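> This is the structure I want to talk about, given as structure tokens.
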Amino acid sequence: MSLDDYRINIQLECAGKVLEVNRAYELTGCEASDYSPNLQANAQLDGATLNGNNIEPREIGIAAICENKTRDFLVRFFNPKEDIKVTIKMYENTRWITGRVSDFRFVKNRVGNRNAFEVTVTCPDPFFRDMDSFGKNIANIVKQFAFPFISPIAAARNQDGTYHWIKDHVSGYRQFNTQLNLDNTGDIEAGVAFRVETKGEVVNPVITHESGAFIRVKKTLAQGDILTISTVRGEKRIELNGINAFQYVDRDSDMFQLNVGANVIEYSAATGYTNMAVYVYYTPRYLGI
């Protein structure tokens, strides 16, 4: 990739340090990653059956000059024992990916360019991620006023001459939606995280995808409990008040992913579903940038 043809900004983060790469002269590995076909041999026929493509780990190569950083800083920054986050802005898209340094070296033959280097970052998870993690509350609060606020109901006056708001004045109400439409704008399916906060007793909460896949926790939740569920690959977990709660999961549950495009999510419970506040978070993933 010739950087003369692209408007590119690169930012690297590793172990709490940040490196802005302003003078990169080469960048590779940002397009689609390598694929390997998953083939199954036919017993008595020529050829094979294609069961799909496996997307291989990605290698991102950066060649740059950092004259404002010391040689010692760069050696310490590109620590192969630490995860490194690579954020790339290309035209209107800004996406990030994580990996570890698999090769780093200074380029000695670039005369007059102190601290010219080449680095390769190997990313086991080959997908770029959106900068934003989208979140929504299924059972939302419908707002009834905004500032500046003028009430059609007069405030009551206290004996000392001060005023107070009249009780039971409605400033908003909770709509008990049990369904939510989510739009996965990425190139592939994406994991999703749920945070369930209880306002009272909830028996056997369940979250269902439009495909029929569901996650049911066979447990009675008390007021103030927080149930967290993540179907993100590599980060799958179910916790109740921060403690592992996988033992309460219905065996028929499926840690489903969001399909590309529109998805409908619904929540319910054996009893007490109106006591549930369900927050949904997801990050779209992309094949390249």
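> Name the residue that is farthest from ARG285 (Cα to Cα), counting only residues in the stretch 24-37 that are at pLDDT 85 or above and open to solvent by 60 Å² or more (accessible area, probe 1.4 Å).
For the stretch 24-37, the residue satisfying everything is TYR25.
> Run down ARG100, ARG76 and say which single residue is buried (at least 16 other Cβ atoms within 10 Å of the Cβ) and among the basic types (Lys, Arg). Explain how you work it out, then say what you get.
Numbers: ARG76 fails: buried (at least 16 other Cβ atoms within 10 Å of the Cβ).
One residue alone meets the criteria, ARG100.
> To continue, here is another question. Could you list all residues from the stretch 22-50 that are assigned to a loop (DSSP other than H, G, I, E, B) and more than 25 Å from THR122 (Cβ to Cβ)?
ASN42, ALA43, GLN44, LEU45, ASP46, GLY47
> Which of the residues that make up the stretch 195-215 are open to solvent by less than 10 Å² (accessible area, probe 1.4 Å) and within 23 Å of the chain's Cα centre (by Cα)?
Within the stretch 195-215, VAL196, ILE207, HIS209, ILE215 qualify.
> Right, another one. For residues that are part of a strand (DSSP E or B) and modelled with pLDDT of 90 or more, scanning just the stretch 51-74, find the one that is nearest to ALA116 (Cα to Cα).
That would be ALA64.
> Could you list, in sequence order, the residues of the stretch 227-248 that are open to solvent by less than 50 Å² (accessible area, probe 1.4 Å), part of a strand (DSSP E or B) and within 20 Å of TYR282 (Cβ to Cβ)?
Within the stretch 227-248, LEU227, THR228, ILE229, SER230, ILE238 meet the criteria.
> Within the stretch 15-51, take every residue that is hydroxyl-bearing (Ser, Thr, Tyr) and under 27 Å from THR98 (Cβ atoms) and give me the one that is farthest from the chain's Cα centre (by Cα).
TYR25
> Taking the conditions exactly as written (open to solvent by 70 Å² or more (accessible area, probe 1.4 Å), among the hydroxyl-bearing types (Ser, Thr, Tyr) and under 29 Å from TRP96 (Cα atoms)), does TYR286 satisfy them or not?
In short, no.
The values are calculated or read from the model by the stated rules, or taken from the named source; none is laboratory data. It should be emphasised that the depicted structure is a prediction, and the values quoted were computed from it without experimental measurement. Because the Cβ atoms are built from the backbone with ideal geometry, glycine has one as well, and the counts that use them run over all protein chains shown. The area values use the complete protein model at the heavy-atom level, side chains included, leaving out ligands, DNA and RNA. Shrake-Rupley method; radii C 1.70, N 1.55, O 1.52, S 1.80 Å.
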